[in-house]
Amino acid sequence: MVKAAFRPGHYTMRTSFLLLSATLGLAAIAPAQAQLAIGSDAPALKVEKWVKGDAVKTFEPGKVYVVEFWATWCGPCKESIPHITEMAKKHKDATFIGVSVWEDPEAKDNAHIAKVEKFVSDMGSKMDYLVAADGFEGTMAKTWMEAAKQPGIPTAFVVDGKGKIAWIGHPMELEEVLTGVLAGTFDTAAAAKQSEAQAKMEQEREALFQPLSEAMGNNDHEAVVKEIDKIIAKEPMYEESLASVKFESMLRSNEAEAYKYGDSLANGIYKANPMALNNIAWAVVSDVFPELAQPDLAKALAWSEKADKLSEGKNPYIVDTLAYVWFRKGDLKKAIEIQTRAVKLAEEDKEFDSITLTEMKERLAEFKKKG
């Protein structure tokens, strides 16, 4: 049976470090002092190709620029693109430039540019500003994103009329900043202090999480549980984000206690969180993990049924998990019935991942074959 190691809505330990980093905004390695910061001279625009609009060779004195970094595979980037277009139309005195980066970390040539061109063409008027693509050497990524110690996209840089970096942040937070920069009222010094304070907080947070990252990297499940407990004891606000990781690690280190912990989550911080309930149910039944000694399918069923009820039976990922639980329990009739519903829901969602939909259909076919 084909069962993906990870897809949206299905949590596994194989991707837990990346998911945890993305959820909490952690870099893989604690950052050193940024070489590029607010107040620095803006680096050169050394892109590989201008995909849309006329090339900008240099930052002209007296003009304000927004340089935003994105990628075709980045979901949040896709969400911010229409917003940037609206900003570009509203603030015609500023030049907006979207630079595609990190398209293919293994690339040895610029084949990725064709993908960027198609993406931009398909976006049409929704992406109505200048667009460029970084080369496979990653020059723009290195001189801008990495130099500023920015680990994630989308990220926007505002360059003022003096060619200085006035602000660095998420493009959805750009409106007030850009208005101030264009009016000459933006307090760059205050922004720099705020950025430094935020960077310090992030470094402290990464130091807190470093032992956990190491334990996860070593697949040391007992150590993962211990480190998570330490973090939660010091910063209780992280419990909801870390509970799934702790539960899955407990399954591999103390299975009996894991099910008790799962129940405490289902009746506690996860009682109204259908995706979190789905994740802990999935961790019990997923066959991408080593075989559990005594998989508690009854609890997995209770958690996935609760998740399905909370989502009003409309989430195909949750329904897919519920069907798989019934399959593991040996009730093929029930599994077929529910998997049929999962496939139908996925097909009705025009933005649903096509690879996952294919997997769902394959599972339904296998259920029917065995039934």
#### Entry: Any chance residue 283 is of a type in the set (A, V, I, L, M), modelled with pLDDT under 95 and either within 25 Å of the chain's Cα centre (by Cα) or not assigned by TED's automatic domain parsing to the domain that holds residue 219 (or both)
yes
### Message
Let me confirm something: among 312, 305, 257, which residue is of a type in the set (Asp, Glu), within 27 Å of the chain's Cα centre (by Cα) and over 20 Å from residue 330 (Cβ atoms)?
### Response
312
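If you go through the stretch 207-222 one residue at a time, how many are surrounded by 13 or more Cβ atoms within 10 Å (Cβ to Cβ) and in contact (Cβ under 8 Å) with a residue 12 or more places away in the chain?
Just the residues of the stretch 207-222 that are surrounded by 13 or more Cβ atoms within 10 Å (Cβ to Cβ), to begin with: 208-216, 220-222.
Then keep just the ones that are in contact (Cβ under 8 Å) with a residue 12 or more places away in the chain; that gives 208-213, 215-216, 221-222.
Within the stretch 207-222, residues that are surrounded by 13 or more Cβ atoms within 10 Å (Cβ to Cβ) and in contact (Cβ under 8 Å) with a residue 12 or more places away in the chain number 10.
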### Query
Which number in (1) in a strand (DSSP E or B); (2) under 18 Å from residue 102 (Cα atoms) marks the one condition that residue 168 misses?
(2)
### Message
Being surrounded by 17 or more Cβ atoms within 10 Å (Cβ to Cβ) and either touching a residue at least 24 places away in the same chain (Cβ under 8 Å) or of a type in the set (Phe, Trp, Tyr) (or both) is true for just one of 265, 277. Which residue is that?
### Response
277
### Single unsatisfied condition, residue 104 versus (1) at pLDDT below 95; (2) in contact with a helix residue (DSSP H, G or I) (Cβ under 7 Å, 6 or more places away or on another chain); (3) crowded, with 17+ Cβ neighbours inside 10 Å
(3)
### Message
Of all residues being of a type outside the set (D, E, K, R) and in contact with a helix residue (DSSP H, G or I) (Cβ under 7 Å, 6 or more places away or on another chain) in the stretch 107-135, which is surrounded by the fewest Cβ atoms within 10 Å (Cβ to Cβ)? Just the residue, please.
### Response
123
### Query
Which residues, taken from the stretch 319-349, are farther than 22 Å from residue 274 by Cα and without any contact (Cβ under 8 Å) to a residue 24 or more places away in the chain?
330, 331
### Query
So is residue 352 hydrophobic (A, V, I, L, M, F, W, C), touching a helix residue (DSSP H, G or I) at 6+ places or on another chain (Cβ under 8 Å) and part of a helix (DSSP H, G or I) or not?
no
### Task
Might you check whether a residue that is within 23 Å of the chain's Cα centre (by Cα), surrounded by fewer than 18 Cβ atoms within 10 Å (Cβ to Cβ) and not assigned by TED's automatic domain parsing to the domain that holds residue 96 occurs anywhere in the stretch 181-198?
yes
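Being hydroxyl-bearing (Ser, Thr, Tyr), assigned to a helix (DSSP H, G or I), in contact with a strand residue (DSSP E or B) (Cβ under 7 Å, 6 or more places away or on another chain) and under 28 Å from residue 36 (Cα atoms) narrows it down to one of 195, 213, so name that one. Talk me through it step by step, then tell me what you get.
On the way: 213 fails: in contact with a strand residue (DSSP E or B) (Cβ under 7 Å, 6 or more places away or on another chain).
Sole residue among the options that is hydroxyl-bearing (Ser, Thr, Tyr), assigned to a helix (DSSP H, G or I), in contact with a strand residue (DSSP E or B) (Cβ under 7 Å, 6 or more places away or on another chain) and under 28 Å from residue 36 (Cα atoms): 195.
Looking at the stretch 144-157, is at least one residue assigned to a helix (DSSP H, G or I), touching a helix residue (DSSP H, G or I) at 6+ places or on another chain (Cβ under 7 Å) and surrounded by 14 or more Cβ atoms within 10 Å (Cβ to Cβ)?
Scanning the stretch 144-157, I find no residue that is assigned to a helix (DSSP H, G or I), touching a helix residue (DSSP H, G or I) at 6+ places or on another chain (Cβ under 7 Å) and surrounded by 14 or more Cβ atoms within 10 Å (Cβ to Cβ), so the answer is no.
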### Task
Check residue 209 against each of (1) more than 25 Å from residue 327 (Cβ to Cβ); (2) at pLDDT 95 or above; (3) among the aromatic types (Phe, Trp, Tyr) and name the one condition it does not meet.
(2)
### Task
Mind listing whichever residues of the stretch 321-361 are of a type in the set (Asp, Glu) and within 27 Å of the chain's Cα centre (by Cα)?
347, 348, 349, 351, 353, 359
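The values are calculated or read from the model by the stated rules, or taken from the named source; none is laboratory data. Keep in mind that this is a model prediction, so the values were computed, not measured. Reconstructed Cβ throughout: ideal geometry from the backbone, glycine too, with neighbour counts over all protein chains shown.
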